[in-house]
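*Asks:* Handing you this structure, nothing more for now.
The values are calculated or read from the model by the stated rules, or taken from the named source; none is laboratory data. It should be emphasised that the depicted structure is a prediction, and the values quoted were computed from it without experimental measurement. All Cβ positions, even for glycine, are placed from backbone atoms using ideal geometry, and neighbour counts span all protein chains on display. Heavy atoms of the whole protein, side chains included, go into the accessibility calculation; ligands, DNA and RNA do not. Shrake-Rupley method; radii C 1.70, N 1.55, O 1.52, S 1.80 Å.
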Amino acid sequence: MTGGNHVVVVGAGLAGLTAALHLRGAGREVTVVEREAFPGGRAGRLDLPDGGGGHFRLDTGPTVLTMPDLLEEPLRAVGEKLGDRLELERLDPAYHTTFADGSSIDVHTDGDAMEQEIREKVSARDAAGYRKLRSWLTELYGIQMATFIDANFDSPLDVVSRDLVRLGLLGGFGRLGPRVGRFIHDERLRRIFSFQALYAGVPPARALAAYAVIAYMDTIAGVYFPKGGVRALPQAYADAAAAAGVEFRYGAEVTALERHGGRVTAVETTGGTIAADAVVLTPDLPAVHELVGRRPRRAVPLRWSPSAFVVHLGLDRPQPDLGHHTISFGDAWASTFDEIITRGELMRDPSLLVTRPTATDPSLAPAGGDYVSVLAPCPNLASAPGLDWDRLAPHYRDEILGVLAARGIDLGDHVVAEHRISPTDWARMGMAAGTPFSAAHTFAQTGPFRSSNRIRGLENAFLAGCGTTPGVGVPTVVVSGKLAAARIAGTRP
């Protein structure tokens, strides 16, 4: 717990907004400093003109929302409810998945519906295995949430508990791919319940089975979409925080921290100096290290997650046959992870996430039009420094759209507006190694071994965001803001 009442939060992304709400709920005066003109951070926004006076309303960051109970916690801290600020719709199916052999499987988060889907599309054996997998994922999540996700760590010894033993008995320290394979045998299903490890920066074959908790969020807890796009979530947080008395300074960039001894006393910005009794820093780790003036000592250098090449397409006509989320799997699987993580190469047989948010909210595109984004996992700049994305991006865009057309999703002839984001673009936004997924979740960068939200040598400065605990993903980033606020306010996370 820190003394003093005024906290400066650097960054109005989901982590910073969450920290601000919890701190305000604990009675602190809070000022949020954000370099952009609007909230969101990595959950960015862009209004793309259609050429006829209308706009396509793009979400340039996350497109998948899960765990609405976790998303509501920051609002409850100031006496509000999620439903008062946001209209969420549960997606069913959560995903439509397609495969190289021409088959498809819908991913339902309702247990009965998914069991029936597997029985009809795969086998009765795997339908029964799915039920066991679902139980395992649910138990795994229950253990991890209280002890390893929604918790502050001061030492690796903090995780030594009966829950650690239970996690071990559940196989949490084995490998994700083989563990999922114990329950289900069909290769397509194994992909559906393990591909999420890529977001953590580790191939399923090498990821800890404990990361199946991401599959729980994705395939059991439910996938949601807010009216107005994902941008509506940070806007809801910012509006609630402002209503509760949090001050926002948009268009101001933090340039330095003033210190006296082991404390930060003020935050210098392009808009002036703000006195502070405590600070929460949410930029990516290298930017934080630059502000602080030193890097933490690590036995092994930080490893960064793979990146993503994203193409946002404004179309001149609706695509009613395309659902909200489609995962188009290529024939290759293990080699794909080796290409983008180990060898620093583009996928030769790509698996792609195609998102059509207008399937749920048509208002995101002008009347008579449509909006689709395509995400292709790719190497980060550290693993592939030789890729010249400024030159490569237009050609890679054509390649992945050609792959989709060959798989039956032909969008190219209807594009009237377009926006691309490459690893170089992510880097220009301040994201380390050009990846929006920050530090990978290797064993040495997980739980108590992940970059701490405490800054050694500064007793009143704390971190939040995907680079620190608990890690990558909207729900965990929201939790990170809560954990940072708990450090300052002395509350239980």
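*Asks:* With +1 on each Lys and Arg Cβ and -1 on each Asp and Glu Cβ, and nothing else charged, work out how big the dipole of the chain is about its Cα centre, in Debye to the nearest 20.
*Replies:* 1820 debye
*Asks:* Along the positive direction of the dipole of segment 6-159 (beta-carbon charges: Lys, Arg +1; Asp, Glu -1; about the Cα centre), which of S123, G27, G79 reaches farthest?
*Replies:* Checking the options against the dipole of segment 6-159, the answer is G27.
*Asks:* When 1/r is averaged over all different Cα pairs and the result inverted, which Kirkwood radius in Å belongs to the chain?
*Replies:* 23.1 Å
*Asks:* Output the 0 to 90 degree angle, nearest 10, between the alpha-carbon long axis of helix 111-121 and the longest principal axis computed from the alpha carbons of the chain.
*Replies:* So the helix axis and the longest Cα principal axis differ by about 30 degrees.
*Asks:* In degrees, nearest 10, range 0 to 90: what is the angle between the Cα axis of helix 124-144 and the longest Cα principal axis of the chain?
*Replies:* In the chain, helix 124-144 runs at an angle near 0 degrees to the longest axis.
*Asks:* What is the set of long-range amide H partners of V416 at a cut-off below 5 Å, with H atoms built 1.01 Å from backbone N?
*Replies:* G314, L315, D316
*Asks:* I would also like to ask the following. Nearest 5 is fine: what % of DSSP beta bridges in the chain come out antiparallel, could you say?
*Replies:* The antiparallel proportion sits near 70 percent.
*Asks:* May I pose another question? Using amide H atoms built 1.01 Å from N in the peptide plane, name the residues 5+ places from S307, or on other chains, whose amide H lies under 5 Å from its own.
*Replies:* C378, N380
*Asks:* Something else: Along the charge dipole of the chain, which of L302, G402, H96 sits closest to the positive end, that is, farthest toward it, with unit charges on the beta carbon of Lys, Arg, Asp and Glu (+1, +1, -1, -1)?
*Replies:* L302
*Asks:* For n ≥ 4 DSSP H runs only, could you compute -39500 (n - 2.57) per run for the chain, divide by its residues and tell me the 222 nm figure to the nearest 500?
*Replies:* Numbers: 15 runs with 149 residues, N = 493.
One gets -9000 deg cm²/dmol as the mean residue ellipticity at 222 nm.
*Asks:* Please state the charge dipole magnitude for segment 355-493, taken about the Cα centre, from unit charges on C-beta atoms (+1 on K and R, -1 on D and E), reported in debye and rounded to the nearest 20. Provide the component values of the computation, followed by the final result.
*Replies:* Values: 12 positive and 11 negative charges, 194 e Å.
Here segment 355-493 has a charge dipole of around 940 debye.
*Asks:* Select from A464, T265, V223 the residue farthest towards the positive end of the dipole of the chain; place +1 on Cβ of Lys and Arg, -1 on Cβ of Asp and Glu, and compute about the Cα centre.
*Replies:* T265
*Asks:* Further, regarding this structure: How do T109, T265 stack up against each other in accessible area, from largest to smallest, with a 1.4 angstrom probe?
*Replies:* If we order T109, T265 from most to least accessible, we get T265, T109.
*Asks:* For segment 228-304, max minus min Cα coordinate along each principal axis, in Å, sorted largest first?
*Replies:* Principal-axis extents of the Cα atoms in segment 228-304, largest first: 44, 32, 20 Å.
*Asks:* If you don't mind, there's one more thing I want to ask. For the chain, what is the accessible area per residue in Å² when the probe is 1.4 Å?
*Replies:* Accessible area per residue: 39 Å².
*Asks:* Shifting gears a bit: Given a 1.4 Å probe and every protein chain left where it sits, what share in percent of the accessible area of segment 450-493 is carbon and sulfur?
*Replies:* Its accessible area is 48 percent carbon and sulfur atoms.
*Asks:* Mind giving me the FRET efficiency for S104 and S363? R0 is 30 Å, r the Cβ-Cβ distance, nearest 0.05 is fine.
*Replies:* 0.60
*Asks:* Relative contact order of segment 359-480: what whole-number percent is it, with Cα pairs under 8 angstrom and at least 6 residues apart?
*Replies:* Result for segment 359-480 is 15 percent.
*Asks:* Over the chain, what is the relative contact order in percent, taking alpha-carbon pairs closer than 8 angstrom and at least six residues apart?
*Replies:* 24 percent
*Asks:* Gap in Å between the Cα centre of segment 73-119 and the Cα centre of segment 327-362?
*Replies:* 20 Å
*Asks:* Let me ask you something else. Please determine, in degrees from 0 to 90 and to the nearest 10, the orientation of helix 14-25 with respect to the longest principal axis defined by the Cα atoms of the chain, where the helix direction is its Cα long axis.
*Replies:* 50 degrees
*Asks:* Non-local amide H neighbours of F56 (under 5 Å, H modeled in plane, Pro and chain starts lacking H): which ones?
*Replies:* For F56, whose amide H was placed from the backbone, the distant partners under 5 Å are L48, D50.
*Asks:* In square nanometres and to one decimal, what's the mean projected area of the convex hull around the Cα atoms of segment 78-146?
*Replies:* 7.2 nm²
*Asks:* So, one more: Which value, in debye to the nearest 20, describes the size of the charge dipole of segment 320-385 about its Cα centre when Lys and Arg Cβ atoms bear +1, Asp and Glu Cβ atoms bear -1, and nothing else is charged?
*Replies:* Its charge dipole is roughly 120 debye.
*Asks:* Let me see the P(r) profile for segment 356-457: every Cα-Cα distance counted, bins of 10 Å, each bin given as a percent of all pairs.
*Replies:* Spelled out bin by bin, segment 356-457 gives 12, 31, 30, 18, 8, 1 percent.
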